[in-house]
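To start, the structure itself, in structure tokens.
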Amino acid sequence: MFEHLAELVLELDELEARLPDIYASGDRAASRDAGRRHRELKPIVDAYVAYEAASDDLRDAREMLDGETDPEMRDYLRSEIAEKEAALGALEAELRELLVPRDPDDGKNVIVEIRGAEGGDEANLWAGDLLRMYDAFAQRHGWKVETMSSQPSDMGGFREVTVVVNGDDAWSRLKYEAGVHRVQRVPVTESQGRIHTSAATVAVLPEAEEIDVEVDPNDLEIDVYRSSGPGGQSVNTTDSAVRITHTPTGLVVTCQDEKSQLQNKEKALRILRSRLLQVERERQEAELASARRSQVKSGGRSEKIRTYNFKENRVTDHRIKVTVQALDQVLAGGEALDEIVDALAADERRRQLGDGAP
């Protein structure tokens with residue numbers, strides 16, 4: 001059934017023989033691609049080798065049964081064969097799952113954009129809570145988080161904030177967070193103790209590598225201005241903030257978090273490349289199939305992917321109908337959030353396998 005995988009065994013052998021030279025060459029792109037391919041191949045090849053060994057073992061046991069005449073020995077061999085068949089079936093299932101096509105963005109850095117949506121000041125406060133949740137989640141997983149840009153709100157929280165998360169499995173865990181996150185709680189500004197519903201949107205994008213998107217400097221309009229904070233007050237007295245407009249698409253990116261104009265420009269270009277990569281992918285997908293649904297649509301509360309109910313200490317993910325009674329743990333980026341993410345990943349794998357993966 002998996003005979004074609006013998007080619008992957010040869011590819012892995014050849015790659016492992018070349019890896020020391022690739023890493024020693026100093027070619028960062030080649031080293032990154034080789035390392036990524038090795039991480040893809042190794043678990044598949046290991047499972048295939050185990051599957052082939054188990055197949056041989058089962059075949060030998062069946063041949064022994066065919067030639068055996070002693071009744072007790074035949075009973076023993078039948079029992080052994082049943083165990084080997086079960087083990088082979090488990091290896092086959094594992095191999096099928098490993099052969100589900102990999103997400104091409106696995107291993108890339110992740111751009112996470114959080115914006116307050118419906119709910120005014122409370123939505124902005126909620127956006128800040130989500131940022132802290134993802135920051136704690138990243139720390140637990142050993143990922144690095146870097147703030148790219150932010151617009152703090154007057155009462156705290158953020159009108160919008162963009163961070164980049166660096167970690168080998170960051171994309172595979174965070175990609176399910178894209179959408180509208182609805183919160184039901186008593187806002188700090190509510191004097192009557194009434195529960196309000198508000199929402200924040202989360203967009204999750206793979207960070208484009210420079211080789212993914214070529215940006216022509218002639219297509220950029222770069223403006224510099226003085227940074228401002230909540231309420232419009234001046235943060236510094238130099239023109240360090242940067243606004244970049246990509247004229248062919250009209251995309252605009254601003255960055256003012258750093259004191260250096262050069263650092264703000266570099267961050268803004270990183271965000272711009274990621275957004276351009278997303279635009280190009282959406283264009284290609286639209287040509288091959290129907291237009292891709294926007295991650296966050298209008299940000300309306302009715303478009304939620306997940307609801308956080310403070311009164312009931314409950315978090316419900318509406319895509320897979322999973323509820324955990326551990327809101328505090330979820331907001332702390334703890335294992336309860338991993339439980340939801342694991343369920344989403346399992347659902348995705350089930351759908352992929354159901355679509356006829358090898």
Among V224, V213, V296, V235, the single one that is among the aliphatic types (A, V, I, L, M), farther than 28 Å from L174 by Cβ and modelled with pLDDT under 75 is V235
Restrict the check to segment 20-30 and report whether at least one residue is assigned to a helix (DSSP H, G or I), exposed (fewer than 15 other Cβ atoms within 10 Å of the Cβ) and touching a residue at least 40 places away in the same chain (Cβ under 8 Å).
-> yes
Please find, within segment 40-82, the residue that is nearest to the chain's Cα centre (by Cα) out of those that are within 20 Å of A93 (Cβ to Cβ) and either of a type in the set (K, R) or not in a helix (DSSP H, G or I) (or both).
-> K42
Mind checking whether some residue in segment 26-37 is under 30 Å from the mean Cα position of the chain (by Cα) and within 17 Å of L99 (Cα to Cα)?
-> yes
D257 fails exactly one of the following numbered conditions: (1) part of a loop (DSSP other than H, G, I, E, B); (2) within 21 Å of R132 (Cβ to Cβ); (3) at pLDDT 90 or above. What is the number of that condition?
-> (3)
Report whether or not V112 is part of a strand (DSSP E or B), among the hydrophobic types (A, V, I, L, M, F, W, C) and surrounded by 15 or more Cβ atoms within 10 Å (Cβ to Cβ).
-> yes
If you check I305 against the conditions, is it modelled with pLDDT under 95 and either under 21 Å from the mean Cα position of the chain (by Cα) or surrounded by 14 or more Cβ atoms within 10 Å (Cβ to Cβ) (or both)?
-> yes
Filter result (surrounded by 17 or more Cβ atoms within 10 Å (Cβ to Cβ) and part of a loop (DSSP other than H, G, I, E, B)) within segment 327-349 | G333
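The values are calculated or read from the model by the stated rules, or taken from the named source; none is laboratory data. Just so we're clear, the structure is a prediction, and the values are computed from it rather than from any experiment. Here the Cβ is made from the backbone with ideal geometry for all residues, glycine too, and neighbour counts use every protein chain on show.
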